[in-house]
Amino acid sequence: MAKFVMVLFTAVACIQLIKPIGWPGLKQRRDAWKLVMAGFMAVVVLIGIRLATDLEPPPPKPGGENSQTGGKSR
């Protein structure tokens, strides 16, 4: 999702450089940096949400404590 958002904002910023979009705050070509910063902030928020939801510990592996050795005792 983050890659899609970054590609979308990059495409809109390129369009802004070629021909200004005309939205409020995007009337001139030099306003393309606003789109780049918005895309960057959106990616940061998406990554933060992903990290916040992945904080729970992973489920235990089958085989107990010796799961790294394939369940065999030393």
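Would you please list the contacts, defined by Cβ atoms under 9 Å and residues six or more apart or on different chains, that run from a residue in the range 24-42 that is over 18 Å from Phe4 (Cα atoms) to a residue that is of a type in the set (Asp, Glu) and in a helix (DSSP H, G or I)?
Gly25/Asp31
State whether one or more residues within the range 52-61 are touching a residue at least 40 places away in the same chain (Cβ under 8 Å), part of a helix (DSSP H, G or I) and within 14 Å of the chain's Cα centre (by Cα).
The first filter runs over the range 52-61 and keeps only residues touching a residue at least 40 places away in the same chain (Cβ under 8 Å), leaving none.
Within the range 52-61 (the criterion being touching a residue at least 40 places away in the same chain (Cβ under 8 Å), part of a helix (DSSP H, G or I) and within 14 Å of the chain's Cα centre (by Cα)), the answer is no, since none of the residues qualifies.
Any read-out appearing in this document is the output of simple, stated calculations on the displayed coordinates, not a laboratory observation. What you are looking at is a predicted structure, and each value in this text was computed from that prediction instead of being measured. Glycine also receives a Cβ, built like all others from the backbone with ideal geometry; neighbour counts cover every protein chain displayed.
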